[in-house]
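So the structure is just underneath, and the comments pick up after that.
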Amino acid sequence: MDATADVEVQLEQGDVALTARDRTLLQAVAAHGSLNAAADALNRSYAHAQRRIVELEDAFGPLVDRSRGGSGGGGSELTTAAEQLLARFQRLQAEFDGVATAAETVLQGTVVDRDGELATVETPPGTVRAIVDTEAGPGDAVEVGIRADTVTLNAPHEAPEPAGTSARNQFAGTVERIDEGTAIALVALAVDPDTTLSALVTDTSLEKLDITTGAELVASFKATATVGVIPAIEQPGSDDSP
């Protein structure tokens, strides 16, 4: 089982998924008035673009109205169904972006070593590799932020070996809570008695991968997507106390 939070937003219908690349193609057809012109504008193969439209239409229904001949040489425009599909995609993207921005796990830790911009930080759940403020050296306290959309979830027996992946950090844990939205689910994984790590997945992936409360999972996240900063120091009198 592999649930990647850093996934591309997509709308699925059967075995076909409409992606951001497909959205760009449909928008280009609407803007340029033909599939040929859209492919040229995007520097894509016309034959490939045409095959992709056919694949999408087999799954989602008619998306492009095509006309041939005439003084203008024919052209294409999006169907009402295509416009509605793009609107659905935009709502999904907005929800994903909103949740991803808000959902971040912050771990308190201490730098134990560093190699250039990357540092090793000891935190309550375990050791984390992260990009850390260059002013922080061994012994300094930092706050490590892990965005939910950068976390990948795996079943324990399918978790990648740290040496074989760029996801350098791994924590095992138990699913404590699942908050399902319209199309996005936020999974809270208890990786320590006092720490939960948030991961973002689509509702479709949640169902396909059978992620349920109490499930044992392994969370992985890349060192290069993890940021550590020196905590802000509260200035005396900042609370306006007399």
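Hey, any idea what Rg/Rh is for the range 11-101, computing Rh the Kirkwood way over Cα pairs? Let's see the in-between values first.
Details: Rg = 13.9 Å, Rh = 13.8 Å.
Expressed as Rg/Rh, it is 1.01.
Kindly report the accessible area of the range 104-229 per residue (heavy atoms of protein chains, probe 1.4 Å, no ligands, DNA or RNA), in Å².
47 Å²
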Q.
Would you report the distance distribution of C-alpha pairs in the range 104-229 as whole percents per 5 angstrom bin, up to the bin with the largest distance?
A. 2, 12, 22, 23, 18, 12, 7, 4, 1
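Of the listed peptides 115-124, 187-196, what is their order by residue-averaged count of other C-beta atoms within 10 Å, with the highest listed first?
Details: 115-124: 16.0, 187-196: 17.7.
Ranked by mean Cβ neighbours within 10 Å, highest first: 187-196, 115-124.
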Q.
Using amide H atoms built in the peptide plane, which far-off residues or other-chain residues are under 5 Å from SER34 H to H?
A. SER76
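With +1 on each Lys and Arg Cβ and -1 on each Asp and Glu Cβ, and nothing else charged, work out how big the dipole of the range 104-229 is about its Cα centre, in Debye to the nearest 20.
Working: 7 positive and 21 negative charges, 46 e Å.
For the range 104-229, the charge dipole is close to 220 debye.
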Q) Which of the peptides 213-222, 133-142 is most tightly packed, and how do the rest follow, going by the mean number of other Cβ atoms within 10 Å of each residue? A) 213-222, 133-142
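With +1 on each Lys and Arg Cβ and -1 on each Asp and Glu Cβ, how big is the dipole of the range 11-101 about its Cα centre, in debye rounded to the nearest 20? Provide the component values of the computation, followed by the final result.
Details: 9 positive and 12 negative charges, 52 e Å.
Roughly 260 debye, rounded to the nearest 20.
Using a 1.4 Å probe on the protein chains only, how many percent of the accessible area of the range 11-101 belongs to carbon and sulfur?
Working: 2290 of 5080 Å².
Reported share for carbon and sulfur atoms: 45 percent.
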Q: Keeping all protein chains in place, calculate the accessible area per residue for the range 11-101 (probe 1.4 angstrom), answer in Å².
A: 56 Å²
Q: Kindly report, to the nearest 10 Å², the accessible surface of THR224 as traced by a 1.4 Å probe over protein heavy atoms only.
A: 90 Å²
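Heavy atoms only, 1.4 Å probe, whole protein assembly: order HIS157, HIS32 by accessible area, highest first. The partial results should precede the final answer.
Numbers: HIS157 150, HIS32 100 Å².
The most accessible residue leads, giving HIS157, HIS32.
The values are calculated or read from the model by the stated rules, or taken from the named source; none is laboratory data. Only a predicted model underlies this, so the values are computations on that prediction, with no experimental measurement involved. Cβ: placed from backbone, ideal geometry, glycine included. Neighbour counts: every protein chain shown. Accessible surface areas use protein heavy atoms only, side chains included; no ligands, DNA or RNA. Shrake-Rupley method; radii C 1.70, N 1.55, O 1.52, S 1.80 Å.
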